[in-house]
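All remarks here apply to the structure that follows.
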Amino acid sequence: MSQGLDVERCDLDIMRNSSSHHTELYGEERLIVRRGQPFIILLHLKPGNKELKPSEKSFTLIVETGPAPRTESGTKVSFGLRDSTVDSEWSASATNDPSGNTVSVSITSSPNAPIGVYYLTLDQGEQKTSLGQFTLLFNAWCSRDAVYMRSETKRQEYVLAQYGQIYRGTYKRIKGKPWNFGQFEPGVLDICLKILDENPKYISDADKDCSGRRNPIYVTRVLSAMINSNDDRGVLVGNWGEVLDGVHPGTWIGSGDILHQWAESGPVCYGQCWVFAALACTVSRALGIPCRVVTNFISAHDTNGNLMIEKLYDEHGKIMSHADSIWNFHVWVDSWMTRPDLGPEFDGWQASDPTPQEKSEGVFCCGPSSLKAIREGDLTKKYDTPFIFAEVNADVVDLVRLSNGETVKFRDSTDSNYVGRFISTKAVGSDERHDITHQYKYPEGSKEERRVYEKAQHHNKLQQLGEEPGLALKIKLAKNMSVGSDFEVYTILTNNCLEARTCTFLFFAEAVSYNGKLVNSCGLVSDKVEVPSGEERRLFLRLDYECYGSVITSDRLIKLSAIAIDKQVAEYHKAEKTIVLDEPDIEIELLGEATVNQSVTAELTLWNPLPKSLQDCSFTVEGVGLTNGKPITARIGTVDPEQEAKARVKFSPTSAGSRVLLVNFDSNNLKNIKSSINVVVKE
């Protein structure tokens, strides 16, 4: 071509490209596209330019990402025009507008290109023209992309949904808590890219790190480390003790506020597992990786890698030590991707855990580990499969240290059926709970499960078959166990032996946090009982609010333990049950219709069920498209016993459609109370 194109301006055609790339929710301020899929730019030429002929291919496009782009690293790519683009590498084609003053250029990125911010340049030999910049994301709609997901309804849920449910409580009382992921809220994508740029691997070798961002396995592992702040300038500081400063983990209702605080002033205080997981889900979805939040009830934390949780008690039933622990629930994320490093049979959901528990390769991170490897017991498959396998499969053994130094096992010590219950995530397209336990493990006692344990070289199953009939313990609960109430529970000791037994009978209650840590005692009764053959004895324990109210955490969990000791035959029996106290509901009423850019009021009401006043009461509301990306807090001071906490909050919706308003109530003695309401916003 004898004369180069004289470009007056470049139109990135943001609206059309955003629509075809499913990125319109990020806004119209800049071009954001997904890899492996064509996008169109329009070159407006100055008057007098010759018409571009299809055979003339003398101009080149250059795309560059990272601080020092290199061809060898795939962070700088030059490519000329073709007759049509191809879907396997960077390519471009061009056509003339009928007027002759505009050239339409179709650019297809490589489905294996690193994600990030790119600069686009028109290279005509001696003349180089900057055409602007764009952000490239993973593409779940592209079959050649490693994160490709076939189902459109699943893509809508795991990439585009900005609201979700996170499941907590106990496996017998599972409660969904609403969360605002908000991955498309203003500024969030920039912060997610900043998280990648703050990670130590980028700081030590930016070229290698930026090149590695082509791989969702690499990006997911980086996020697992960077969501916590243990080894780096990560996003969130964990706190499982008393909170004297910062924000209580139970107060958060969305990711956006945390991410903005981190971007402005560094690590944010504080979070626990569900907050870490929710942040990881937000960042993953923002970058284009399909992601879901997963809760594992009765989750094992195996510190020594023997796939067994060992708890040691003294002769009086008091726990002595347990480096290993059992969490009432633990929350992590699954991300969807191929695993070319393991083989196609391990493609699909990959578990990763940003909560700092154990170090992996010297850093507090965990995963991604293929769910298929976890299910099959392929513990050699990276990353951190043995740890996650133990979380859902470990055996639990309770031991008693006798005064003579000998150790014996509780006769009815918990077996392998105990760990990994009701593994849960939000269902696709609804707020219902979806049980995915079968994706992590085979049914207990099945042939497949036994095969997996043999494969994992795990021969520590606690076989109770063949034991002689003995004593049996059960714990029975009250019907009404709401926070603030007084109630009674009891335990039943049954003698299935042929002769009478004389036992020390203990029944006690302890406040616990969700990660299984004992906080304080809140009740104890004991007796020495003789139980004739075939009969039973009961022990009642009254739990008054004045005893448990000052020691329970915001998780509102109380662990009940019954122990029977027959020292004549050195036999120990134990039963445990963890209860979650019911919480009051938040009533949400919208006063009037919600309309774009018009103020609407939500009236919020909560009844104080406690026999004492609540101090420093507040309601906080947040919602995508409702509160402009920021939480709104209404402080109402003191609420007397058995009185209503009431507030009105005004907000102006910014976009039409079906939205969700999330509400959190906070006070000194009643925290972590959440609710939500669907809001239909009219134009």
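With all pairs of different C-alpha atoms in the average, the Kirkwood value for the hydrodynamic radius of segment 280-396 is 15.1 Å. Label-to-label distance for E89 and S618 is 5.6 nm, based on points extended 7 Å past Cα in the beta-carbon direction. Hydrodynamic radius of segment 358-444 by the Kirkwood approach over all distinct alpha-carbon pairs: 15.4 Å.
What whole-number value in cubic angstrom gives the convex hull volume per residue for the C-alpha atoms of segment 66-127? Mind dumping the intermediate values first?
Numbers: hull volume 7.4 nm³, N = 62.
Per residue, the Cα convex hull of segment 66-127 comes to 119 Å³.
The E358 and N668 beta-carbon pair, evaluated with R₀ = 51 Å, returns a calculated FRET efficiency of approximately 0.90.
Short-range pairs are left out: with C-alpha atoms under 8 Å and at least six residues apart, the relative contact order of the chain is 9 percent.
Electrostatic tally near A594: other residues with Cβ closer than 14 Å to its Cβ, Lys and Arg +1, Asp and Glu -1, net -1. Residue pairs exceeding 18 angstrom between C-alpha atoms, taken from K517/K559; K476/K559; K381/K441; K426/K577; K382/K447: K426/K577; K382/K447.
Per 0.36 nm of contour for each residue apart, how much would the distance between D341 and E593 grow if the chain were fully extended, relative to their Cα-Cα spacing? All intermediate terms of the calculation are to be shown ahead of the outcome.
Working: separation 252, 0.36 × 252 = 90.72 nm, distance 5.31 nm.
Result for the pair: 85.4 nm of gain on full extension.
For A656 and K208, calculate 0.36 nm times their separation in residues minus their Cα-Cα distance, and state this gained length in nm to one decimal. Walk me through the intermediate numbers first.
On the way: separation 448, 0.36 × 448 = 161.28 nm, distance 4.28 nm.
Difference between extended and current length: 157.0 nm.
What is the sum of charges around T251, taking Lys and Arg as +1, Asp and Glu as -1, for the other residues whose C-beta is under 14 Å from the C-beta of T251?
-2
Taking the charge dipole of segment 1-131 about its Cα centre, with +1 at Lys and Arg Cβ atoms and -1 at Asp and Glu Cβ atoms, the residue from A94, C10, S110 reaching farthest to the positive side is S110. Approximating the spin labels as points 7 Å out from Cα along Cα→Cβ, the K476-to-R538 distance works out to 0.4 nm. Note on A68 and T129: with the Förster distance fixed at 22 Å, the Cβ-Cβ geometry gives a FRET efficiency of about 0.50. Computed over the alpha carbons of segment 25-159, Rg followed by Dmax gives 15.9, 50 Å. The convex hull drawn around the Cα atoms of segment 584-673, when projected onto a plane and averaged over every direction, covers 5.4 nm².
Placing +1 on the Cβ of every Lys and Arg and -1 on the Cβ of every Asp and Glu, with nothing else charged, gives the chain a dipole about its Cα centre of roughly 700 debye.
Please return the longest range in the chain lying between exposed loop sites, taking trypsin sites (Lys or Arg not before Pro), DSSP loop only, at most 10 other beta-carbon atoms within 10 Å, and leaving the sites out. Don't jump to the answer; show the numbers that get you there.
Details: sites that count: R150, K479.
With trypsin sites (Lys or Arg not before Pro) excluded where exposed in loops, the chain gives 151-478 as its longest stretch.
Spatially, segment 495-568 and segment 287-358 are offset by 29 Å when compared through their Cα centroids.
Students often get this wrong: which residues of segment 553-578 have the backbone nitrogen under 14 Å from the point 7 angstrom along Cα-to-C-beta of E315? Within reach of a label on E315, which here means backbone N under 14 Å from a point 7 Å along Cα→Cβ, segment 553-578 contributes 565-572.
For segment 525-678, the alpha-carbon radius of gyration amounts to 1.56 times the rule-of-thumb value 2.2 N^0.38 Å expected for a compact globular protein. A simple spin-label model places pseudo-atoms 7 Å from Cα toward Cβ; at D197 and L42 they are separated by 3.1 nm. Using bins of 10 Å that start at zero, the share of Cα-Cα pairs per bin across segment 205-299 amounts to 15, 46, 31, 8, 0, in whole %.
Can you give the relative contact order of segment 143-255 as a percent, counting alpha carbon pairs under 8 Å and 6+ residues apart? 20 percent.
Kirkwood Rh over alpha-carbon pairs of segment 468-587, then Stokes-Einstein at 25 °C and 0.890 mPa s: what D in µm² s⁻¹, rounded to an integer? The calculation lands on 161 µm²/s. Taken along its principal axes, the alpha carbon cloud of segment 97-169 reaches lengths of 65, 27, 23 Å, longest axis first.
Of the GluC sites (Glu not before Pro) in segment 126-177, which ones lie in a loop per DSSP and count no more than 10 other C-beta atoms within 10 Å? Could the numbers behind the result be given before it?
On the way: sites: E126, E152, E157; in loops: E126.
Filter output for segment 126-177: E126.
Each eigenvalue of the Cα gyration tensor of the chain, multiplied by 5 and square-rooted, gives one semi-axis; in descending order these are 55, 31, 18 Å.
Neighbours of T504 by Cβ distance under 14 Å: Lys/Arg scored +1, Asp/Glu scored -1, total 0.
Each value in this text was obtained by applying a stated rule to the coordinates, not by laboratory testing. Predicted model only: the values in this text are computed from it and were never measured. So basically every Cβ, Gly included, is an ideal-geometry build from the backbone, and we count neighbours across all protein chains shown.
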